[in-house]
Structure formats: C-alpha cells, structure tokens
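The values are calculated or read from the model by the stated rules, or taken from the named source; none is laboratory data. Because the structure is a prediction, the values reported are computed rather than measured. Don't worry about glycine lacking a Cβ; one is built from the backbone with ideal geometry, like all the others, and counts go over all protein chains shown.
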Amino acid sequence: MTAKLLQGADAITEAALAAGCRFFTGYPMLPFTDLLERMAARLPDVGGICMNAASEIEGANMTLGAAAAGARAGTGSTGQGVALMQETIAEAAQAEIPFVVFTMARGQQDYFQCTRGGGWGDYRTITLAPKDVAEAAEHTQLLFHLADQYRSPTILYGDYLIADTNMSVDVQPRDYGELPDKTWAVDGTLTGTGKSRLLWSWDIGKADRRGLMPDGQWKKVAEKFREIAESEARHETYRADDADVLIVSWGTASPFVDFVVDLLRDDGIRAGSFRPITLWPFPERALEEAARGCSKVLVYEINAGQALEDVRLSIPDRDKIEFIGGVSVDYSGMRQGDLLDVAPLRDRVLRAIQQGAAT
Amino acid sequence: MQREVMFTGVGGQGIQLTAKTLATAAVEEGRHVMLLGHYAGAMRGGQTDASVVLGDQPLRTLPIVQAAWAAIVMHDDHWPSTNERIRPGGVVMVNSSLIDDVDRPDCTIVRVPATARATELGAPMSAGYVLVSAFAAATGIVSIDAMLAAMRQLVPPYRQQHVESNERAIRAGFEQEPIPELAAWEQPATAGGVR
C-alpha cells in the first residue's frame, strides 16, 4: 500500500474518481471550494467534466441532467449553497435520478437540512457523516453506490475538519457489489424511435404509454424510502456495552467524544459513545438498544439541538436525555468554535452527571 | 510511537509551507501523518499555526491536538495558545533572532537564529526552513533527503526561483547536531519506509 498525504478535499476527489464519478459541478464557497478545485483539476485526467456553475441552482440542475443521462455525477456546496439546491434534490428524489451532494458545511448546523430537507413531497436523502478524512474517502464511494442502488440523491456531510485536514491516506477502489444497468437513463440513444424514455417526478407518461401517475409514483418512492430506513441505518459504538452514561454525537465531533470517554473511564466513570454514521436513516433501534442500560444519554453536537430530536424519537424514556451541545462558531463563521474540544466537552459531561446525582 | 509537533508564527514566515513539508517528508519515509493548518483572514502578520502528528503506527489523535511533544516557534505573538499544549519534557525550537526566550524550564529549548541565518544566506523568506530543519536534525524526525524532496515537491511552479534558497536554508538547519535525548524514533525509517 502506498499512502499519500492528502487533504480531505483531495481524498474525496480521488475516492469519487475511483467510484466512477465523471461529472461534477459547483460554485465556490468555503470550505467546499477546495473540493471544487480538486475536481476541476482531476476530472479531465479521466475523461470527466467539472463545471464551475454560475450558481448553486444551476450547478445542481446540471448535475441532475448528467445523472439523468446515466453519468455518475456529483455536486456540492456549503449549507448556504445546498439551501439553494433543495428543489433540485427533491425533484431528483421523486423522479429517481441518482447523484451525490457533498455538503462541506461550516459546522454542524445543517443536520436538519440534510436529514429533513427543504424540498417538496415524501422524500428522504441518505446522508453519511464521516468522522475523519479516511472515512470520508470510504463514504464517498459508498454514497455513489447507494445512489445508484436506490436511484436517489445521497449526501455526504463534511465540514472544514473533513475538507482541510491532511492525512496519510491510501484511497483504494471499493467494491460494493453489482448494480443493475441504467435502463432508465435518458441518454439520447432512443430519440426518434418512438420508444424514448421519460424521467418525470409525476410519471404521467406519454400519450401512448401511461406512467404510474403521481399517486403511483409517489407511493412507489415512499415505499422505497421505507425500505431504506429499514435496511441502511449504520452506526458505531465505543465502550458502550457496560456504559452507564452514553454520549451521542456525529461526524467530526465523535472523535472528541471517544477521547473524552477514555478520560472518563480513567476516572472510574462508565462512559460510552454512540455515533450515527447515517444521519438518515437514523439508527433508531440500535440507539434504543445501546441506551437501554444507561441512566443518562447525553447529546453532543455543535448546534442548537438537531440530532437531539432523532435521539428523542429513538429512546422511549425521554427523561434520560440531556443536551450538552450548543451553537459555537469561530471568528470566521466558517468553522466550529471553542465548544468543539476535549476540555469543554468533558466539563459538560461531568456537570450533567453531577446534576443527575443531585436530583 | 507518536510525535506531535505544533508550529506557531505570523503570516509570511512560511508556517503552513514548512509544516506541510515536514508532513510530506514523513509520509515519504513511511510514517502515518496528520496535518491541520490554522490561519486567519489576514495573510501577512496574522496568526498562523499548524499541527503535525507523526507516528509509526496508525495515529490516535484528534485534529485539534490536545498535547504536543514539540513546538516550532517562529514568532511569539501567538505562542501562549501553543505553549499551553506542550507537554512537560517536550522540546521547543525557538527562532532566537526574533524571540528572547520562552518560559519553559520543564522543556528542552533549542535556540536557532533562523531569521539571521537565512538572511546571511540571502534568503530571509526561507527562515522557517532553517528552524524546522534544525528540529529535524536535532531529533531525527525526518532525514535531510526526505525534507529536500518534500520541499521540491511542494514549491509551486510559479515559485521555482525559491527552490535553491530553500535548499540552502534546509542544509543550514541540518548543521544542527543531533541531540540524543530528543531522538524522535526508536527505529530510524528504512528506505522502504517503516510499514
């Protein structure tokens, strides 16, 4: 194996190329900009195309077009730009057009944006939140696979710690198994034959070939997301088996939690951690199981309490749950602030445990 | 073995480039490496820091380094935030051209007049390479060949005129004698790397 020192943006780019991504668009916005630059530099090497769009709306719709034609395609931005892409993501989910959206968020405040979305209809988006650069490379390849497997847009939730950190990484192509041919792709080969295909979120069909119609199409899509929720939830635990205090966190906050778990264990506190790897589908049953023997479940995320809602939906005994995260942004507004560190996290955990003991 | 190195200085001193050079050189020698730079919107004169973590096993570190073995201090304007993370018994490389002293009696302090030496060589902008190379020579954390190769790889095409002066600075830094008690590794890197 040959590891190279890769910035997160490089590692994601190499992983996307290994996954067969050949079309990418975006509009520069930190900390996403580095990813767009790397894609622009590398895609031509493999016969691919990267376009600097005039806006995030244009970029997302070009990606939708490339994906509809059968290409493995991606786009991305930071939360502010992904806000502009919501209509496209929802339309793609309903019309079953697969691509990957890379949100290099400015912190953890876009959890709702990725897991709830701001588009129309009964759609969801598979969202993976890597904890570090190596996992971001792995998730990138998995997301392209899942997008094609389920014919649906998927999301990678990164941030500056993912985009900017350099690590010695060996990006290897991963094999997630066979995928069906894209017999649905609108690739122009059937033009003029009377058999040309149509991708349409309403699926009304053509004059001579009626589609499923909105009722049928939207039931079909909703059923698909129900199946994904059953089968694709992923999670990780650390020292959780005998834990009395379970700390839930996600993405780049989780390594800090695991670090603090070790410190607390050294002090005789039976702490453990739980990390949803898929933000949607949220691993509800696994969390319910992990929390069963715990007296406290603490939720640590650098926002006002977003994954907190999914934790509340997962654990029947809500009185166990306490929020120890919060909004914390650095001077630039583009990175997490001081709350994302070992000392403040440890203080908040200890305070929560002491308060619990006092009441 | 895992070694954490924190760089601190002001914009324009080459903190980001020299940190990346150390990281790249170590990867070439087969180490596991993590690097994270931090700098403000102001380029010249603003705060600029970087952390490099190196190991001969997969790393166990956070991107925000909690405690470090070594500091490379090019300027002391922003030294306090680095200082509080340097472990007792660590090593502090001081650019003595600009900094009188650092108050760390519990650490080994190595004073190198990096800015003056680089200026003598006709390349004041390469002072960072003098200090980081003196650190590498004192500790053996990377070899001079790996450092030179990494620097050549990282200097962009439009800055090639600086390769030669950077090389002089690296060679000047490596005039520093090895300090046995600061040896970074139990095993030196082999040609094929330590993995």
Residue among A:Leu287, A:Leu339 that is closer than 22 Å to A:Thr78 by Cβ, among the aliphatic types (A, V, I, L, M), surrounded by 18 or more Cβ atoms within 10 Å (Cβ to Cβ) and not assigned by TED's automatic domain parsing to the domain that holds A:Lys131: A:Leu339
Of residues in the range A:302-331 being out of contact with any helix residue (DSSP H, G or I) (no Cβ under 9 Å at 6 or more places or on another chain) and not β-branched (Val, Ile, Thr), the one farthest from the other protein chains (Cβ to nearest Cβ): A:Asp319
Selection from the range B:39-69 of residues that are in contact with a helix residue (DSSP H, G or I) (Cβ under 7 Å, 6 or more places away or on another chain) and either touching a residue at least 40 places away in the same chain (Cβ under 8 Å) or of a type in the set (D, E, K, R) (or both): B:Thr48, B:Asp49, B:Ala50, B:Val52, B:Leu54
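Might you check whether a residue that is closer than 30 Å to A:Asp10 by Cα, modelled with pLDDT of 90 or more and not assigned by TED's automatic domain parsing to the domain that holds A:Ala69 occurs anywhere in the range A:219-229? Break it down stepwise before answering.
Of all residues in the range A:219-229, those closer than 30 Å to A:Asp10 by Cα come to A:228.
From what is left, the residues that are modelled with pLDDT of 90 or more are A:228.
From what's left, not assigned by TED's automatic domain parsing to the domain that holds A:Ala69: A:228.
Checking the range A:219-229: at least one residue is closer than 30 Å to A:Asp10 by Cα, modelled with pLDDT of 90 or more and not assigned by TED's automatic domain parsing to the domain that holds A:Ala69.
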Matching strands (runs of 3 or more DSSP E) fully within the range A:1-80 where at least 3 residues are out of contact with any Gly (no Cβ under 8 Å at 6 or more places or on another chain) and within 14 Å of chain B (Cβ to nearest Cβ): A:4-7
Residue check, B:Ile72 away from chain A (no Cβ under 11 Å) and touching a residue at least 24 places away in the same chain (Cβ under 8 Å): yes
Residues that are surrounded by fewer than 20 Cβ atoms within 10 Å (Cβ to Cβ) and of a type in the set (A, V, I, L, M), drawn from the range A:247-269: A:Leu263, A:Ile269
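Every residue, every condition in (1) over 17 Å from A:Thr278 (Cβ atoms); (2) part of a helix (DSSP H, G or I); (3) outside the structural domain of A:Gly8 (by TED's automatic domain parsing); (4) aliphatic (A, V, I, L, M), yes or no:
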residue: A:Pro130; (1), (2), (3), (4): no, no, no, no
residue: A:Ala136; (1), (2), (3), (4): no, yes, no, yes
residue: A:Gln141; (1), (2), (3), (4): no, yes, no, no
residue: A:Leu146; (1), (2), (3), (4): no, yes, no, yes
residue: A:Ser152; (1), (2), (3), (4): no, no, no, no
residue: A:Tyr157; (1), (2), (3), (4): no, no, no, no
residue: A:Ile162; (1), (2), (3), (4): no, yes, no, yes
residue: A:Asp175; (1), (2), (3), (4): yes, no, yes, no
residue: A:Glu178; (1), (2), (3), (4): yes, no, yes, no
Residue in the range A:78-86 that is within 29 Å of A:Leu179 (Cα to Cα), among the polar types (S, T, N, Q) and either without any contact (Cβ under 8 Å) to a residue 12 or more places away in the chain or out of contact with any Leu (no Cβ under 6 Å at 6 or more places or on another chain) (or both) present: yes
Qualifying residue in the range A:240-259 (condition: over 30 Å from A:His145 (Cα atoms), within 14 Å of chain B (Cβ to nearest Cβ) and part of a helix (DSSP H, G or I)): yes
Selection from the range B:103-122 of residues that are more than 19 Å from B:Ala184 (Cβ to Cβ), of a type in the set (A, V, I, L, M, F, W, C) and either surrounded by 21 or more Cβ atoms within 10 Å (Cβ to Cβ) or under 17 Å from the mean Cα position of the chain (by Cα) (or both): B:Ala114, B:Ala118
Residues of the range A:204-258 classified as more than 28 Å from A:Ile321 (Cβ to Cβ) and not aliphatic (A, V, I, L, M), total: 16
Residue in the range A:88-108 that is surrounded by fewer than 18 Cβ atoms within 10 Å (Cβ to Cβ), part of a helix (DSSP H, G or I) and touching a residue at least 24 places away in the same chain (Cβ under 8 Å) present: no
Of all residues in the range A:332-349 being free of Cβ contacts under 8 Å to residues at least 24 places away in the same chain and either under 16 Å from A:Asp159 (Cβ atoms) or polar (S, T, N, Q) (or both), the one that is farthest from the other protein chains (Cβ to nearest Cβ): A:Asp338
Condition check for A:Ile162: touching a Cys at 6+ places or on another chain (Cβ under 6 Å) and within 18 Å of A:Val100 (Cβ to Cβ): no
Number of positions in the range B:103-125 that are small (Gly, Ala, Ser) and at pLDDT 95 or above: 3
